[in-house]
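A short worksheet on the structure shown next.
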Amino acid sequence: MKRLAVILSLGLLAVSCGIYSFTGTSIQPDVQTITIPYVEYKALRVNPSLAGELTEALQEKFRRLTRLEQVESDGDLELVAEVTGYDVKATAITADELAAQNRLTVTVKIEFTNRKYPEDDVSQSFSAYEDFDATASLDAVEATLCETIIEKIVEDIFNATVAQW
């Protein structure tokens, strides 16, 4: 009987908190909407599809893992992102001074605004990279690399904004 009372008490405590969900988010109950505008592309090296893919990935992540309604403007939360870096550099050099591996790095700067709880605002840059064999052209591997990089960056952004990890 005592064990049941303890379990029920813990359950009530977890539920009554109101801001924790089993998806790992900590969104206040009165926060209902989010605005995620199209990601701006400001990197010097151009990838024409990256901004669109990143926008869709961010919107999908918040749609899938939060109860927030996505609105075009004036959401309780707003997540503005811009791609500020898209770089390829050699990471491993052979004895002949040739690149053995290259690294694609993407950097995204965000401004996350919580209009109801400004103390939760976040302004931060996130980077992720993937290495690829130098014998492969960037054109041949770019789509796969970007897909993996986007997943990492979106996860980091989600955790820093609504999961607050």
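Using the Karplus curve 6.51 cos²θ - 1.76 cosθ + 1.60 with θ = phi - 60°, work out ³J(HN,Hα) for each residue of region 67-84 in order, rounded to whole Hz, and write x for Gly and Pro.
8, 5, 8, 8, 10, 5, 7, 6, x, 4, 10, 9, 10, 9, 10, 9, 7, 10
Taking amide H atoms as placed 1.01 Å from N in the peptide plane, list the residues 5 or more away in sequence, or in a different chain, whose amide H sits under 5 Å from that of residue 33.
Close amide H contacts, sequence-distant or interchain: 69, 76, 77.
Where Lys and Arg each count +1 and Asp and Glu each count -1, what net charge lies around residue 154 among other residues with Cβ under 13 Å from its Cβ?
Cβ neighbours under 13 Å give a net charge of -3.
Within the set of other residues whose C-beta is less than 13 Å from the C-beta of residue 48, count the net charge using Lys and Arg as +1 and Asp and Glu as -1.
Charge balance near residue 48 sits at -2.
Need the full-extension length gain, residue 148 to residue 49, defined as separation in residues times 0.36 nm minus the C-alpha distance. One decimal, nm.
34.2 nm
Report, by chain and number, residues whose modeled amide H sits under 5 Å from the one on residue 121, excluding near sequence neighbours (fewer than 5 apart, same chain).
114
Would you mind checking 42/89; 42/116; 61/116 for any pair whose Cα atoms are more than 25 angstrom apart?
42/116
Tell me, what is the FRET efficiency for residue 91 and residue 116 to the nearest 0.05, using R0 = 45 angstrom and their Cβ-Cβ distance as r?
0.55
Can you compute 3J(HN,Hα) from phi for each residue in region 133-144, using the Karplus curve 6.51 cos²θ - 1.76 cosθ + 1.60 with θ = phi - 60°, rounded to whole Hz and x for Gly and Pro?
5, 5, 6, 8, 7, 4, 4, 6, 10, 4, 4, 5
What is the sum of charges, Lys and Arg at +1 and Asp and Glu at -1, for the other residues whose Cβ falls under 9 Å from the Cβ of residue 88?
Net of charged neighbours comes to +2.
Coordinate-derived values only; no laboratory data. Nothing here was measured: the structure is a model prediction, and the numbers come from that model. Neighbour counts run over all protein chains shown; Cβ positions are idealised from the backbone, glycine included.
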